[in-house]
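The values are calculated or read from the model by the stated rules, or taken from the named source; none is laboratory data. Keep in mind that what you see is a predicted model, and the values were worked out from it rather than measured. Positions of Cβ are backbone-derived with ideal geometry, glycine not excepted, and every protein chain shown enters the neighbour counts.
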C-alpha cells in the first residue's frame, strides 16, 4: 500500500497509529559495541513514551511550549521525542557533541520549559555559570542511585497523573532544529507538522520499508537526516531501529551482521572509513581471491548499469555482503560532499549508495540520486514537490541553488531579519552553488561564501579540490585561500593552501608524494601551492562538515606556517 499521510493533521498521528498497528513488533534495539543493552516492542515504546509525556505535562508543558532533548543516540531519545510530540510540545533537539558553552547558548535562545538530558551532560553544564538552567524543569537520565540531583527529576520517575494526547494542526511548529552550518551564528529552523508529513510521504513512497526490516541509527538523532530517516520513517512503517553510540568502523559491521540491517544513513566521512575497512580485509585475501572479487565486481557493474539489483549483487558478491549482514538494501548519504569514487566503490560491490542533498531549513531532502542509473557525480533531481532554480548564474551556468516547496521551514526562531534574508518571495536561498545538466541532475560545487575568485577571474571551489585529494592517505584535509588564513591589508592572493591531519602510520614522505601526485592532475589555476600540518582533529558540525571558520581561527591562533608543496 502506498503511504498516504495527506489526511493527517499532525506528526503525532501516524506515530501513534503505528504503536497500535505494530504493537508486537520490535521497535527499538540499543546496542553497545558487541552487546545488546535493551530492546522494546511498539507496545512497550508507547507505554514508556506516555509515561514521560505525563511527566512533561505534570511539569507544566502545554501544547506549543518547547521541550529540549540533549542526549546521545539511545532508545530514551526516541521515547522522549515521542513524549514531546504527543504532548503537543515543540521539540528542540540539541547536539550533544557541542561544548557545554555552546549548548547553554542554544538553551538560552530556545527557552524550553523542560530539558531532557543525561547526567554526565548536566554535570558539564552545571560547571559553568548557567542562568539558562535555573528556570528549567530538568529530566535526567543515567544518574547514579546516590547522585544528588537537586531540583532535577529522574527520567525514570513514575507518573502521578494520566497522560493526555494532544492533536496539533499542520501549520503548527513541530520542531526547532538548530543548524550550526559550517560557521556563523546557529539558527533555529522552525519546521511545521506539514513540513514533516510532506517529507515523510515523499520519501516513504520512494523507499518504503517492510515490518521485518531494520534501520541502523548511528548518526546523532538530533540531526535532520537521522530524525527523518532513522526515527520517523521506520516507526511509521513498523520496522525496527538499532541505536549504537559508537561510530568506530570496527563495531559497525558486526552490529550490521548481528541484526541483519537493511537501511542506514551515513555521512561521507563514515562511508570512507567503511571503505578503508573493506579494502584492508580484501588486501588480506590471497591474490586469486582478490582477482575473483574484482571480476565479480565488474560483472555486477554491468548487470546493475540501469538500476540497483540488491538480490543479484548479494549472490554475486556473497562473502562481502555477508560481512554486513547480507540484507543491506540502501545507504543514504548526505550532509557533505560525496566523492564520486567513494560512491562508485560501493556500487560496484552491490551496496547501493543513495546520494541526497538537503538542508535543515528544508526539513531533510531536496534532491536524490536514486541510482536509476547510477550517477556518482551529481546529487540527483529534485524530489516530488520541490521546485529548484539557479540564480545569478555565471557564464558556465553555475549559480546559487534556490528552492521552494512544502518542506521549507516557516522561518528562524526569534529572527525575522534572518528569515527575510533566507526566504525571498517564497524561495529559500541555500547559499550553495550548483549547476544543472541536461537531464535535470544537480551538481553541487561549493558554498557561496567558500568560493575563491582568482586575480585571473577564475572561480575555485575548495570542495571540488578536496574531492580530487580523496585518495591521499590522511585523516582529513581542507583547502583555503592563503589570503583568508593570513589576511593582509590590500592583499589579493590566489595562492591555495591545503591543511592536512596526517595518519600516524603514514610517513610524511608518502603523504607529500600523494598530495603532489593529486595536485599535478588538477588544472593549473586549481593547484595547491603549500600545505600546513594540523595535529588536532578538525572541528565539525553534527553532520560532520568541517567548520572552516573555526579551523582557520585555530590555525591563526597556533601561528602555523605554510610549507611549499612540490608541483609534481
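Details
- Note on the range 492-532: residues that are without any contact (Cβ under 8 Å) to a residue 24 or more places away in the chain and within 16 Å of residue 471 (Cβ to Cβ) total 1.
- Within the range 545-555, the set of residues being surrounded by fewer than 19 Cβ atoms within 10 Å (Cβ to Cβ) and in contact (Cβ under 8 Å) with a residue 40 or more places away in the chain comprises 549, 550, 552.
- Qualifying residue in the range 284-297 (condition: in contact with a helix residue (DSSP H, G or I) (Cβ under 8 Å, 6 or more places away or on another chain), farther than 30 Å from residue 232 by Cβ and free of Cβ contacts under 8 Å to residues at least 12 places away in the same chain): yes
- Residue 407 vs. criteria touching a residue at least 60 places away in the same chain (Cβ under 8 Å), touching a helix residue (DSSP H, G or I) at 6+ places or on another chain (Cβ under 8 Å) and either part of a loop (DSSP other than H, G, I, E, B) or over 24 Å from residue 463 (Cα atoms) (or both): yes
- Residues being modelled with pLDDT of 90 or more, in contact with a strand residue (DSSP E or B) (Cβ under 7 Å, 6 or more places away or on another chain) and under 22 Å from residue 484 (Cβ atoms) - total across the range 501-526: 2
- Of note, residue 224 does not satisfy the criterion of being within 18 Å of residue 19 (Cβ to Cβ) and not assigned by TED's automatic domain parsing to the domain that holds residue 32.
- Qualifying residue in the range 533-541 (condition: over 30 Å from residue 222 (Cα atoms), in the same structural domain as residue 463 (by TED's automatic domain parsing) and within 28 Å of the chain's Cα centre (by Cα)): yes
- Where strands (runs of 3 or more DSSP E) fall wholly inside the range 183-269, no range has 2 or more residues that are touching a helix residue (DSSP H, G or I) at 6+ places or on another chain (Cβ under 8 Å), modelled with pLDDT under 90 and under 25 Å from residue 98 (Cβ atoms).
- Annotation: residue 379 fulfils all but one of (1) crowded, with 21+ Cβ neighbours inside 10 Å; (2) over 21 Å from residue 340 (Cα atoms); (3) in contact (Cβ under 8 Å) with a residue 60 or more places away in the chain; the unmet one is (2).
- Output for the range 476-487, where each listed residue is more than 9 Å from residue 497 (Cβ to Cβ) and without any contact (Cβ under 8 Å) to a residue 60 or more places away in the chain: 477, 483, 487
- Among the residues of the range 556-568, those identified as under 12 Å from residue 498 (Cβ atoms) and touching a residue at least 40 places away in the same chain (Cβ under 8 Å) are 562, 565.
- Residue check for residue 150: on the phi > 0 side of the Ramachandran plot, outside the structural domain of residue 478 (by TED's automatic domain parsing), out of contact with any strand residue (DSSP E or B) (no Cβ under 7 Å at 6 or more places or on another chain) and not in a strand (DSSP E or B): yes
- Failed criterion for residue 384 (all others in (1) in contact with a helix residue (DSSP H, G or I) (Cβ under 8 Å, 6 or more places away or on another chain); (2) at pLDDT below 90; (3) outside any helix (DSSP H, G or I) hold): (2)
- Against the test of being over 22 Å from the mean Cα position of the chain (by Cα) and in a helix (DSSP H, G or I), the options 290, 275 yield a single qualifying residue, 290.
- Residue 178, sole failed condition from (1) touching a residue at least 40 places away in the same chain (Cβ under 8 Å); (2) not in a strand (DSSP E or B): (2)
- Test: residue 449 is farther than 30 Å from residue 170 by Cβ, in a helix (DSSP H, G or I) and modelled with pLDDT under 95: yes
- The condition of being surrounded by 14 or more Cβ atoms within 10 Å (Cβ to Cβ), more than 24 Å from residue 449 (Cβ to Cβ) and more than 30 Å from the chain's Cα centre (by Cα) does not hold for residue 529.
- When restricted to residues that are exposed (fewer than 15 other Cβ atoms within 10 Å of the Cβ), outside the structural domain of residue 79 (by TED's automatic domain parsing) and over 22 Å from residue 88 (Cβ atoms), the range 1-37 contains 3.
- Tally, over the range 444-463, of residues that are surrounded by 18 or more Cβ atoms within 10 Å (Cβ to Cβ), over 25 Å from residue 561 (Cβ atoms) and in contact (Cβ under 8 Å) with a residue 40 or more places away in the chain: 3
- Residues satisfying the stated conditions in the range 74-94, i.e. in contact with a strand residue (DSSP E or B) (Cβ under 7 Å, 6 or more places away or on another chain) and not in a strand (DSSP E or B): 74, 75, 76, 77, 78, 80, 81, 84, 85, 89, 94
- Looking across the range 95-126, the residues that are part of a loop (DSSP other than H, G, I, E, B), out of contact with any helix residue (DSSP H, G or I) (no Cβ under 8 Å at 6 or more places or on another chain) and at pLDDT below 90 come down to 97, 99.
- Subset tally (residues that are farther than 30 Å from residue 376 by Cβ, in a loop (DSSP other than H, G, I, E, B) and over 23 Å from the mean Cα position of the chain (by Cα)) for the range 410-446: 4
- If the condition is being modelled with pLDDT of 85 or more and closer than 30 Å to residue 266 by Cα, then the range 541-568 contributes 546, 547, 548, 549, 550, 551, 552, 553, 554, 555.
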